[in-house]
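Remarks on the structure that follows.
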Amino acid sequence: MNPPLPSDDPEAAEALTYSVQEAAAVLGISPTTIYRLVYRRLLKPVPGLRHKRISKAQIHTLAQGKQVS
């Protein structure tokens, strides 16, 4: 028997990126502020996607008060 794939259990799959709205909710700020941080290049969206997605690592780094590199 094969082990279950992550897609078989939606709760087991953890997101690697956040939408602008999700990132704002995690940080407790408005989506407009997320766009401002992207514009100021303090957050870098994942390249090549139609909609802006912010990596989970960047959000957690910013939440800890550290500068995103």
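Remarks
- Residue in region 33-48 that is in a strand (DSSP E or B) and either closer than 19 Å to Ala15 by Cβ or touching a Pro at 6+ places or on another chain (Cβ under 7 Å) (or both) present: yes
- Pairs linking a residue in region 24-49 that is in contact (Cβ under 8 Å) with a residue 40 or more places away in the chain and closer than 16 Å to Gln67 by Cα to a residue that is surrounded by fewer than 13 Cβ atoms within 10 Å (Cβ to Cβ) and charged (D, E, K, R), with Cβ atoms under 7 Å and 6 or more positions apart or on different chains, do not occur.
- Contact annotation: residue pairs with Cβ atoms under 7 Å, 6 or more positions apart or on different chains, pairing a residue in region 55-69 that is outside any helix (DSSP H, G or I) with a partner that is surrounded by fewer than 16 Cβ atoms within 10 Å (Cβ to Cβ), are Ser55/Leu16; Ser55/Val46; Val68/Leu42; Val68/Thr61.
- Residue match in region 24-43 (condition: over 15 Å from the mean Cα position of the chain (by Cα), of a type outside the set (Phe, Trp, Tyr), at pLDDT below 90 and loosely packed, with under 15 Cβ neighbours inside 10 Å): no
The values are calculated or read from the model by the stated rules, or taken from the named source; none is laboratory data. Worth saying up front: this structure is predicted, and the values here are computed from it rather than measured. Cβ atoms come from the backbone with ideal geometry, glycine included; neighbour counts cover every protein chain shown.
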